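A short worksheet on the structure shown next.
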Amino acid sequence: MNYFEIFNKVLLELNYRPVTTFETIYKSEHTKILDLINRVNSEVLASYQWPFLEKNCVLDVKEGENVYKLPFKGNIKAVYKDNERLLYTQKVQELLSGKLCGKFYSVSDGSIIFEKGCKKGTCRILHESTDYALGSDGEFKEKLSEKEDISVLPMPFAEHVLVYGTCLKTKANPAYPKFGFWNTMYIGALGNLLQKSPQTNECGPFISLS
């Protein structure tokens with residue numbers, strides 16, 4: 001279900017009239033709902049270690065070059081050089097100066113840093129993607145923006161998570177007549193998604209009502 005279809009389902013749940021084309025969305029309430037769909041999508045995806053967000057990045061490390069700009073924004077989960085796992089250290093300056101040598105890496109200003117004088121090899125970086133949407137051209141993007149864009153949340157869970165999560169945010173009042181129903185449907189969809197994505201994590205995914 002794409003961005004436009006999710007939007008119209010939210011309108012129907014709120015007892016608003018659906019729109020026929022994406023280009024006719026101009027009311028302030030409409031733009032607010034579009035923004036809230038993205039906020040629900042981002043909050044749910046950022047608040048849990050979803051396995052489908054794990055990506056691999058491969059770097060060709062050159063002899064003696066130990067600083068490389070990272071081509072992604074997400075958190076690094078593990079780094080392997082020539083199939084051997086490196087240890088993370090906060091001692092950036094010691095790596096840069098050569099005081100700290102060995103199988104270490106650090107991160108600073110969007111770059112990954114290896115030991116000074118590192119040898120040539122292949123580095124594989126396991127990281128968490130922050131691209132939460134997929135465009136009709138097959139390219140990943142940070143947020144939903146076009147009619148045909150879809151969330152990276154897997155279907156059929158994405159529909160209920162985004163529709164009912166957005167309704168909860170739009171009204172944000174437990175006294176609202178349909179609030180309890182939306183909350184039940186939202187929690188149920190998250191629960192089903194979690195069953196399909198087992199992780200060892202103390203905190204489950206969530207959205208705020210603010």
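The values are calculated or read from the model by the stated rules, or taken from the named source; none is laboratory data. The model shown is predicted, which means the values in this text are computed figures rather than measured ones. Quick reminder, even Gly has a Cβ in these numbers, built from the backbone with ideal geometry, and neighbours come from all protein chains shown. Quick note on the areas: whole protein, heavy atoms, side chains included, nothing else; ligands and nucleic acids left out. Shrake-Rupley method; radii C 1.70, N 1.55, O 1.52, S 1.80 Å.
If both residues of a DSSP beta bridge must be in the chain, then about 95% of such bridges are antiparallel.
Accessible area, 1.4 Å probe, largest first: how do Tyr3, Tyr80 sort?
Numbers: Tyr3 10, Tyr80 60 Å².
Order by accessible area, largest first: Tyr80, Tyr3.
For region 54-194, with all protein chains in place and a probe radius of 1.4 Å, 50% of the accessible heavy-atom surface sits on carbon or sulfur.
Normalised by 2.2 N^0.38 Å, where N is the number of residues, the alpha-carbon radius of gyration of region 46-167 equals 1.32. With the highest mean first, a sort of the peptides 70-76, 24-30 on other beta-carbon atoms found within 10 angstrom per residue produces 70-76, 24-30.
For helix 28-46, report the angle its Cα long axis makes with the longest principal axis of the Cα atoms of the chain; keep it between 0 and 90° and round to the nearest 10°. Helix 28-46 sits at roughly 40 degrees to that axis. A Gaussian network model of the chain, with springs between Cα atoms under 10 Å, assigns the largest mean-square fluctuation among Leu168, Leu134, Leu86 to Leu86.
Where does helix 3-13 land angle-wise versus the long Cα axis of the chain, in degrees 0 to 90, nearest 10? Approximately 40 degrees, to the nearest ten. Averaging 1/r across all pairs of distinct Cα atoms in region 140-198 and inverting the result yields a Kirkwood radius of 12.5 Å. Fully extending the segment from Gln93 to Asn15 would add 22.2 nm, taking 0.36 nm per residue of separation and subtracting the current Cα-Cα distance.
Between Arg85 and Lys62, what is the FRET efficiency for a Förster distance of 25 Å, r being their Cβ-Cβ separation, to the nearest 0.05? Mind showing how you got there, number by number?
Numbers: r = 21 Å, r/R0 = 0.83.
Using R0 = 25 Å, I get an efficiency of 0.75.
Our summary gives region 57-141 a relative contact order of 42 percent, counting only alpha carbon pairs under 8 angstrom and 6 or more residues apart. The calculated Kirkwood hydrodynamic radius for the chain is 19.5 Å, given to one decimal from all distinct C-alpha pairs.
Using the heavy atoms of the protein chains and a 1.4 angstrom probe, tell me the accessible area per residue for region 4-160 in square angstrom. Let's see the in-between values first.
Numbers: 8890 Å² over 157 residues.
Ligands and nucleic acids excluded, the result is 57 Å² per residue.
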